[in-house]
Amino acid sequence: MVRAAAGGSGPAPGVAVTTFGWRHGWAELRAVDTANLAVVPDGVDAASTLPVAGVTALQALRGPGPVIGRRVLVTGASGGVGGFAVQLAARAGAEVVASVGNPARAEQLTELGAAQVVTDLSDITKPVFGVLDNGGGSQLTQAFALVEPGGRALSIGKASGASTTIDFEAERLRGGGRAVAPFVVSTPFGTDLDHLVGLLCRGQLDPQTGWRGPWQRAAEAADMLLSRRVLGKAVLDVVHE
């Protein structure tokens, strides 16, 4: 924090925070609503990875309903949102099935809490209660077909770039009250960020830092993310001289 809120809410200047704002993500300084930040205790590193990926995963996980003892499928599990979703679903008591496109990107997912890791959804032989999908396209179509009666699939992202086609007449005939819906993250972020920071402080959450470097390498970091060469999040360190 450089300057406290004029209304007196939020922490004092000099306190480390992690925050979210819709605009000016590349700015050196920006004003944010204090309802969208959380204090980061001294010694806690990489809290900058929590918004937006961590909060997105946390909010999306609430979509299917209570998941304790239920099977949850996370697609795109090696990405930022996916990695957090695997961890948080496992912590919530779910049996997590993690899906990735490349076997080389699956190595850490078991350590993060996945009970099963697949590279092809056709390898999943048992229904799932919830789906957190980051790919869209035919992947979401195939994932929705795995949802059990009363379950729900959430479309979080569209990494495939492809549109999703679902035969709703076939779904009516299949029955079971299954649902599929788009997911949009909602504000305020503060309470969710505070929860995630607490998990990070206690060593109960991996921050998903797949690459880290100085601010001057921002273009390189962006290229690595776009070409899917980073597992998780890329963190840039800003040093004021």
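The values are calculated or read from the model by the stated rules, or taken from the named source; none is laboratory data. Because the structure is predicted, anything quoted here is derived from the model rather than measured. No Cβ is skipped: glycine too gets one built from the backbone with ideal geometry, and neighbour counts run over all protein chains shown. Only protein heavy atoms, including side chains, enter the accessible area calculation; ligands, DNA and RNA are left aside. Shrake-Rupley method; radii C 1.70, N 1.55, O 1.52, S 1.80 Å.
Just checking, does the stretch 178-187 include any residue being of a type in the set (Ser, Thr, Tyr), open to solvent by 50 Å² or more (accessible area, probe 1.4 Å) and under 30 Å from Ala38 (Cα atoms)? Yes, the conditions are met somewhere in the stretch 178-187.
Cβ-Cβ contacts under 7 Å between residues 6 or more apart (or on different chains), taken from a first residue in the stretch 136-153 that is under 13 Å from Arg71 (Cα atoms) to a second residue that is open to solvent by 30 Å² or more (accessible area, probe 1.4 Å) and part of a strand (DSSP E or B), are listed as Arg152/Ala179; Ala153/Val180. In contact with a strand residue (DSSP E or B) (Cβ under 6 Å, 6 or more places away or on another chain), open to solvent by less than 70 Å² (accessible area, probe 1.4 Å), assigned to a loop (DSSP other than H, G, I, E, B) and among the aliphatic types (A, V, I, L, M): does that describe Val230? The answer is yes for Val230. Listed by first and then second residue, the pairs linking a residue in the stretch 56-73 that is touching a residue at least 12 places away in the same chain (Cβ under 8 Å) to a residue that is open to solvent by less than 30 Å² (accessible area, probe 1.4 Å) and among the hydroxyl-bearing types (Ser, Thr, Tyr), with Cβ atoms under 8 Å apart and 6 or more places separating them unless they lie on different chains, are Leu73/Ser99.
Taking helices (runs of 4 or more DSSP H) that do not extend beyond the stretch 1-112, which have at least 1 residues that are of a type in the set (D, E, K, R) and surrounded by fewer than 17 Cβ atoms within 10 Å (Cβ to Cβ)?
Answer list for the stretch 1-112: 80-91, 109-112.
Restricting attention to the stretch 116-151, the residues that are surrounded by 15 or more Cβ atoms within 10 Å (Cβ to Cβ) and either in contact with a Cys (Cβ under 9 Å, 6 or more places away or on another chain) or of a type in the set (Gly, Ala, Ser) (or both) add up to 7.
Within the stretch 207-226, does at least one residue satisfy the condition of being out of contact with any His (no Cβ under 6 Å at 6 or more places or on another chain), in a loop (DSSP other than H, G, I, E, B), within 21 Å of Ala98 (Cα to Cα) and hydrophobic (A, V, I, L, M, F, W, C)?
Looking for residues that are out of contact with any His (no Cβ under 6 Å at 6 or more places or on another chain), in a loop (DSSP other than H, G, I, E, B), within 21 Å of Ala98 (Cα to Cα) and hydrophobic (A, V, I, L, M, F, W, C), one finds none in the stretch 207-226, hence no.
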